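The structure appears below as structure tokens.
The values are calculated or read from the model by the stated rules, or taken from the named source; none is laboratory data. All of these numbers come straight from a predicted model, not from anything done at the bench. So basically every Cβ, Gly included, is an ideal-geometry build from the backbone, and we count neighbours across all protein chains shown. Surface areas here come from the heavy atoms of the whole protein model, side chains and all, with no ligands, DNA or RNA. Shrake-Rupley method; radii C 1.70, N 1.55, O 1.52, S 1.80 Å.
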Amino acid sequence: MKVNWFHLMPYPYLPDDFKEKYRSVWVDVPSELYDPEKGHVVYNDYLDELEYAEKAGFDGLCVNEHHANAYGLMPSPNLMAAALTRRTSQAALIVLGNSIALYNPPVRVAEEFAMLDVMSGGRFIAGFPVGSSMDTNFAYGESPVALRDKYREAHDLIIQS
């Protein structure tokens, strides 16, 4: 059995009255609630946590893609995986997904995944989710009707690359 550490990277500095004043942490969180100085610290803390997970013996370190929310500050899990290639040496680096239907061209994902695999010395594991409707439809405006077809096309292009 393999045990992996998964990190969403939420923003921990929402106001105490957030639940009363705001509808959701998904998609429509006002940007003025985000403090980039605190965000800088948070990103580094989360990378430290992922590094510690490797030291604690986890087999893999998992990151994923979410957009426009306070639930997960990771619109590009590839950037986090790239940082981890230099800061870890044993654990698999698992990108549980780029929402590949959002990429034009999707072959870019294949190129970045290939880079991550080489940079990590073969420790990279790729995932290909369709993506949540909040990310793909609401935040990025993709039509729900066309999303699965775009996903399949992107997946086939990446696999062929």
Answer residue from segment 1-42, given it is among the basic types (K, R) and either in contact with a helix residue (DSSP H, G or I) (Cβ under 6 Å, 6 or more places away or on another chain) or outside any helix (DSSP H, G or I) (or both) and is modelled with the highest pLDDT among those: K2
Identity of the residue in segment 98-126, out of contact with any helix residue (DSSP H, G or I) (no Cβ under 7 Å at 6 or more places or on another chain) and within 25 Å of A56 (Cα to Cα), that ends up surrounded by the most Cβ atoms within 10 Å (Cβ to Cβ): R123
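This table checks each residue for (1) open to solvent by less than 40 Å² (accessible area, probe 1.4 Å); (2) out of contact with any strand residue (DSSP E or B) (no Cβ under 6 Å at 6 or more places or on another chain); (3) of a type outside the set (S, T, Y); (4) without any contact (Cβ under 8 Å) to a residue 40 or more places away in the chain.
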| position | (1), (2), (3), (4) |
| --- | --- |
| N4 | no, no, yes, no |
| P10 | no, yes, yes, no |
| P15 | no, yes, yes, yes |
| K19 | no, yes, yes, yes |
| W26 | no, no, yes, no |
| H40 | no, yes, yes, yes |
| D45 | no, yes, yes, yes |
Candidate set: segment 58-97, residues that are charged (D, E, K, R) and assigned to a helix (DSSP H, G or I); chosen: the one surrounded by the most Cβ atoms within 10 Å (Cβ to Cβ): R87
